[in-house]
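Since the structure comes first, as structure tokens, the remarks are kept for the end.
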Amino acid sequence: MLRNFASMANRRAADSENSRLPPGQYAARDFPVLHVGSVPRFDPKTWRLNIFGKVRRPRQFYWEQFCALPSKTVVTDIHCVTRWTKFDSTWEGVPFREVMRLVEPQPEAKFVLTYGANSYAANVPLTVADDEDVLLAYKYEGQPLEPIHGGPMRILIPKRYFWKSTKWCTGVEFASEDVPGFWEVRGYHNDGDPWQEERYW
Ligand SMILES: Nc1nc2c(c(=O)[nH]1)N[C@H]1C(S)=C(S)[C@@H](COP(=O)(O)O)O[C@H]1N2
Ligand SMILES: [Mo]
């Protein structure tokens, strides 16, 4: 009897994970590391974050100023185009919507381009970035984000494949035109929605 309950509970857990798995993905238990180039050194004295483009109030933040901004915690699944999905990862950072409140995008701002180390860039429509679960993330599982995962700060856009989540982010541009990023010009899909399986084109 007890064993039956245990296996039913296991199966229910497995079913709920399966329904959270986008097409063609598998559940990874570890947290793979993927990037081009080498991990940049972080110096809190020289680190800057620039928010610019089609905004009324462009802003530049020093590390301490950035850390003083309102933050929130997001628990979410992340999906990599190389087919691993990680369930229930916990992130903390500045909500993208807080950034929008600070810089006041102009009406012609329709896209968001994020810039990271080694000339990395990724693009999303503003309607995708303007979501409650999009963060400028600096903590992972309650700890400062590790350099290999994009620390001190990376973008988190859970509803797109993980390549849209720029590591070591130091620039966020609001743009009137779409500009394909590092992987988008190399054949990855421009939108990258895991539920539509928009991997490559
Ligand atoms: N700056 C930068 N950000 C990046 C990348 C990169 O090469 N450079 N790779 C992207 C890709 S393809 C993936 S899958 C994720 C991997 O993040 P992780 O190493 O924390 O798993 O980071 C994304 N962000
Ligand atoms: Mo990736």
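The values are calculated or read from the model by the stated rules, or taken from the named source; none is laboratory data. Keep in mind it's a predicted model, so treat the numbers as computed, not measured. In this analysis, Cβ positions are derived from the backbone assuming ideal geometry, glycine residues included, and neighbour counts consider all displayed protein chains. Keep in mind that these areas ignore ligands, DNA and RNA; they rest on the heavy atoms of the full protein, side chains included. Shrake-Rupley method; radii C 1.70, N 1.55, O 1.52, S 1.80 Å.
Of the residues making up the stretch 188-201, one or more are farther than 25 Å from TRP47 by Cβ, at pLDDT 95 or above, within 12 Å of ligand 1 (Cβ to nearest atom) and within 13 Å of the chain's Cα centre (by Cα).
Within the set of pairs 6+ apart or on separate chains, which have a first residue in the stretch 24-36 that is within 13 Å of ligand 2 (Cβ to nearest atom), a second that is open to solvent by 90 Å² or more (accessible area, probe 1.4 Å), and C-beta atoms under 6 Å apart? Close Cβ pairs satisfying both conditions: GLN25/ARG83. Count of the stretch 42-54 residues, restricted to those that are without any contact (Cβ under 8 Å) to a residue 24 or more places away in the chain, open to solvent by 70 Å² or more (accessible area, probe 1.4 Å) and not polar (S, T, N, Q), is 1. In the stretch 163-185, is there at least one residue being within 12 Å of ligand 1 (Cβ to nearest atom) and surrounded by fewer than 16 Cβ atoms within 10 Å (Cβ to Cβ)? Within the stretch 163-185, not a single residue is within 12 Å of ligand 1 (Cβ to nearest atom) and surrounded by fewer than 16 Cβ atoms within 10 Å (Cβ to Cβ). Annotation: of all residues in the stretch 143-162 being β-branched (Val, Ile, Thr) and surrounded by 17 or more Cβ atoms within 10 Å (Cβ to Cβ), the one that is farthest from ligand 1 (Cβ to nearest atom) is ILE157. Taking LEU102, is it free of Cβ contacts under 8 Å to residues at least 60 places away in the same chain, within 13 Å of ligand 1 (Cβ to nearest atom) and among the aliphatic types (A, V, I, L, M)? No; evaluated as a whole, the condition is false for this residue. Sub-7 Å Cβ pairs linking a first residue in the stretch 160-179 that is in contact (Cβ under 8 Å) with a residue 24 or more places away in the chain to a second residue that is of a type in the set (Gly, Ala, Ser) and within 11 Å of ligand 2 (Cβ to nearest atom), at least 6 apart or interchain, are ARG160/GLY192; TYR161/GLY192; TRP163/ALA122; TRP163/GLY192; LYS164/ALA122; LYS164/GLY192; THR166/ALA122, ordered by first then second residue. Can you tell me how many residues within the stretch 13-41 are of a type in the set (Gly, Ala, Ser), open to solvent by less than 70 Å² (accessible area, probe 1.4 Å) and within 16 Å of ligand 1 (Cβ to nearest atom)? The qualifying residues number 4.
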